[in-house]
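Student: One structure is given below, represented as structure tokens, and several questions about it will come after.
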Amino acid sequence: MPPTILIVEDTQSLAMLYQSYLVPTGVNTLVANDGASALAIIDKIKPDLIVLDVMLPDMNGLDILAKLAPDHFPQVVVLTGHATKEMAIKAIKLGASDFLEKPVEAERFRITINNALKIKDLKQTVTKYKNTYENGRYFDLIGSSKQMQSVYQIISSASVSKATVFITGESGTGKELCARAVHQASNRADKPFVALNCAAIPKDLIESEIFGHLKGAFTGAIANRLGAAGQADGGTLFLDELCEMDVNLQSKLLRFIQTGTYQQVGSEKVVKVDVRFVCATNRDPLVEVEAGRFREDLYYRLHVIPIELPPLRERSTDIIEIAEALFIKIAREEQHPYKGITEDVKRLLAQYDWPGNVRQLENVIRNILVLNAQEWIDVNMLPSLPQSSQKEIPNYKPNESFTHTKIQEFEELPQIESDIKALWLAEKDYIERVIKICSTNIPKAAALLEVSPSTLYRKIKSWEENL
């Protein structure tokens, strides 16, 4: 759409002259002859640019400039026949992008307006960039790792298209956040985003949930229901855990995707909608196809732009970024006086495998904040974290690992009374040897010792206090 320019000028002939100057540029123009009319139009239309005369019959133009809302501040070019240096400075301080003195030639007028519109476009681009990429964020997704940057690039490229996005990844990796980012980056961002979890709906109700139903279509249908497909018209329909959908319903979904039309349960009327599909599953869809649980034709219809979300253990550099963002978010929800986390906590969080991915990390952080009222989070506040099996510990190979037999090779039993150490010192030496053999990998050492990593961190801290 061409930009809209509001000309605020009390002299009708000058207002028409300025409009004629802008005819070759193809912009839309509106005219207000006094301050009250200008404020009413600004509130209703929110123009892209305002050409603002200072001397108006009912108020000073700079008073209008001072009243403009910061969140919808347009570009403003101030016009006056009595220019002074002080007036120009005041206008710029109030947010005007330029200042013109009457009379003004057509070419100068057009160049000034064009430059102001370019500045507006540049500001919008910078704002969008900050909102999506700043501090390793892309909408609600967080992470500066190469894996996540690749995900952001795919979403950005796919945003201009209507092509179906198929998201795969382990449970808890943020598939719905990814789907929302696809929607928010698209030109459908101001339209509905409707999410439907296919695994959470009983098999006999999922058709009604997707397509809706008419009153009396089945027992319990006491009123007409629009369904997710109708609710998402013009926007995005997100089908989560798609591989859980009953095979018999998959054929109807395929037809809906192919034609953009569907029938409500109990109705013969064909409804047409404009929907962008985003799907997700934590299973391997090809394995489901081979097992006969997922239609092959539906898979190839949906698998247009694949996005694979990496598990948290494969992007460990993102863990602290995500954790700090979650601490701030959850602290706000729980009204917690949170200020930060210690370096020991960061080290422990970064070294853990997080088999439950971001969802597990979020639950751990909520546990910490709910049970501890302190402003700074330390390791003794961390709950016990479930340990991975030996084959899941990073860089762990049974034939190269440290076993209890090898530990015994380092044991030196005291021979005389003077060689006997305090129990905590003996434990300290023992644990430090295990940590050294594990190349300072605390979670790995904790797994071998069959204790929680937070237990080791607490012991290390207590040793530092005792020495």
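The values are calculated or read from the model by the stated rules, or taken from the named source; none is laboratory data. Just so it is clear, the model here is predicted, and its values are computed rather than measured. In this analysis, Cβ positions are derived from the backbone assuming ideal geometry, glycine residues included, and neighbour counts consider all displayed protein chains. Heads up: the accessible areas ignore ligands, DNA and RNA and are worked out on the full protein's heavy atoms, side chains in. Shrake-Rupley method; radii C 1.70, N 1.55, O 1.52, S 1.80 Å.
Student: Test Gly234 against the criterion of being small (Gly, Ala, Ser), open to solvent by 30 Å² or more (accessible area, probe 1.4 Å) and assigned to a loop (DSSP other than H, G, I, E, B), and give yes or no.
Tutor: no
Student: Here's something else I'd like to know. So which residues in the range 236-270 are over 23 Å from Pro285 (Cβ atoms) and in contact (Cβ under 8 Å) with a residue 24 or more places away in the chain, if there are any at all?
Tutor: Gln263, Gln264, Val265, Gly266, Ser267
Student: For the range 335-346, how many residues meet the condition of being open to solvent by 40 Å² or more (accessible area, probe 1.4 Å), in a helix (DSSP H, G or I) and either modelled with pLDDT under 90 or in contact with a helix residue (DSSP H, G or I) (Cβ under 6 Å, 6 or more places away or on another chain) (or both)?
Tutor: Result for the range 335-346: 2.
Student: Search the range 141-166 for residues being over 15 Å from the mean Cα position of the chain (by Cα) and of a type in the set (A, V, I, L, M), and hand back the single one that is nearest to Pro285 (Cα to Cα).
Tutor: Ranking the qualifying residues of the range 141-166, first place goes to Val165.
Student: Answer with yes or no whether Arg332 is at pLDDT 90 or above and within 28 Å of the chain's Cα centre (by Cα).
Tutor: Judged against the criteria, Arg332 is a match.
Student: Further question: Looking at the range 412-438, which of the residues that are farther than 20 Å from Glu464 by Cα, not in a helix (DSSP H, G or I) and not β-branched (Val, Ile, Thr) is modelled with the highest pLDDT?
Tutor: Cys438
Student: Among the candidates Val247, Val271, Val275, Val287, single out the residue that is over 28 Å from Ala189 (Cβ atoms), modelled with pLDDT of 90 or more and hydrophobic (A, V, I, L, M, F, W, C).
Tutor: Val287 is the lone residue from the list that is over 28 Å from Ala189 (Cβ atoms), modelled with pLDDT of 90 or more and hydrophobic (A, V, I, L, M, F, W, C).
Student: Let me ask something else about it. Scan (1) among the hydroxyl-bearing types (Ser, Thr, Tyr); (2) in contact with a Cys (Cβ under 6 Å, 6 or more places away or on another chain); (3) within 24 Å of Ala373 (Cβ to Cβ) for the single condition Thr342 breaks and write down its number.
Tutor: Failing condition for Thr342: (2).
Student: OK, next. Please state which one of Lys146, Lys175 is within 23 Å of Asp318 (Cα to Cα) and either buried (at least 17 other Cβ atoms within 10 Å of the Cβ) or of a type in the set (Ser, Thr, Tyr) (or both).
Tutor: Answer to the selection: Lys175.
Student: Let me ask something additional. Can you tell me how many residues within the range 75-93 are surrounded by fewer than 18 Cβ atoms within 10 Å (Cβ to Cβ) and outside any helix (DSSP H, G or I)?
Tutor: The qualifying residues number 4.
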